[in-house]
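> One structure coming up, written as structure tokens, with questions to follow.
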Amino acid sequence: MVQGARDVYLRFAFSLSVIASWACSPGGKARAPDWKRVPVSLELRLAAGSPAPGLVPAAVYGQGKTVYLHPEAHLSNSDIVRVEAVKTRIGKGLILQIWLTRAGASRLKQATGRHIGDSLAVLIDTVVMAVPVIQQAIGSDPKIPIDIGVPLEPKEAQQLAASVSKTWPPASAASGRKVAKDRR
């Protein structure tokens, strides 16, 4: 009886890992990300360099490297108030400036504070874009944006920047709409 329960558990765990891998993977090498997609989804997840139980393999975009993602996101769109895409000085890639909700900032600070030295995967539309090492707790003040570098070619960066501004309109556009509504 114990062996039968163990076999059922292993089949369930394997099925769950296959489903999670499919749901979280960027879709293989053949499919290129659609940087024009709106709304843009952002996630931060802990990542490891080697496989372990419960972790999901994912390719890092443009790097030919695989990381292993923890299943839970420590930050997602529901934790984000605003995002602005800023061009880099070298003209390649973007810096995403992200303002968080109070709850999102608190949760991110706790998670990164507990995992200094570990890796944090940056996922945009389920694609792992970067995997920086956590140097310190991040996100303590929701009034100050966190900056995330996104390595993309200029055309891709421009497409993603346009999608980001449609998903999270710039503060000036949002306040302009509010003023226009107030004048009516």
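The values are calculated or read from the model by the stated rules, or taken from the named source; none is laboratory data. Just so you know, these numbers come straight off a predicted model, no measurement behind them. Methodologically, a virtual Cβ is constructed for each residue, glycine included, from the backbone with ideal geometry; neighbour enumeration extends over all protein chains shown.
> Identify, by number, the condition in (1) at pLDDT below 95; (2) buried (at least 16 other Cβ atoms within 10 Å of the Cβ); (3) in a helix (DSSP H, G or I) that Lys178 doesn't meet.
Lys178 satisfies all of (1) at pLDDT below 95; (2) buried (at least 16 other Cβ atoms within 10 Å of the Cβ); (3) in a helix (DSSP H, G or I) except (2).
> Report, by residue number, each residue of region 72-82 that is part of a strand (DSSP E or B) and either polar (S, T, N, Q) or closer than 25 Å to Arg114 by Cα (or both). Please lay out each step first, then the result.
First, pick out the residues of region 72-82 that are part of a strand (DSSP E or B): 75, 80-82.
Leu75, Ile80, Val81, listed by residue number.
> Within region 40-48, does at least one residue satisfy the condition of being in contact (Cβ under 8 Å) with a residue 12 or more places away in the chain and touching a Phe, Trp or Tyr at 6+ places or on another chain (Cβ under 7 Å)?
Yes, some residue in region 40-48 is in contact (Cβ under 8 Å) with a residue 12 or more places away in the chain and touching a Phe, Trp or Tyr at 6+ places or on another chain (Cβ under 7 Å).
> On to the next question. Would you check which residues across region 153-167 are assigned to a helix (DSSP H, G or I) and either in contact (Cβ under 8 Å) with a residue 60 or more places away in the chain or over 16 Å from Met129 (Cβ atoms) (or both) and list them?
Selection gives Pro154, Glu156, Ala157, Gln159, Leu160, Ala161, Ala162, Ser163, Val164, Ser165, Lys166, Thr167.
> Let me ask something else. Can you tell me which residue is surrounded by the most Cβ atoms within 10 Å (Cβ to Cβ) among those in region 84-120 that are in a strand (DSSP E or B) and β-branched (Val, Ile, Thr)?
Ile98
> Another one. Only one of Leu75, Leu123 is out of contact with any Ser or Thr (no Cβ under 9 Å at 6 or more places or on another chain), buried (at least 18 other Cβ atoms within 10 Å of the Cβ) and under 18 Å from Thr167 (Cα atoms); which?
That would be Leu75, the only listed residue that is out of contact with any Ser or Thr (no Cβ under 9 Å at 6 or more places or on another chain), buried (at least 18 other Cβ atoms within 10 Å of the Cβ) and under 18 Å from Thr167 (Cα atoms).
> Which residue, of Ala111, Ala137, is in contact with a helix residue (DSSP H, G or I) (Cβ under 9 Å, 6 or more places away or on another chain) and either more than 22 Å from Asp34 (Cα to Cα) or without any contact (Cβ under 8 Å) to a residue 40 or more places away in the chain (or both)?
Ala137
> Looking only at region 46-71, how many residues end up being out of contact with any strand residue (DSSP E or B) (no Cβ under 7 Å at 6 or more places or on another chain) and in a loop (DSSP other than H, G, I, E, B)?
Within region 46-71, residues that are out of contact with any strand residue (DSSP E or B) (no Cβ under 7 Å at 6 or more places or on another chain) and in a loop (DSSP other than H, G, I, E, B) number 5.
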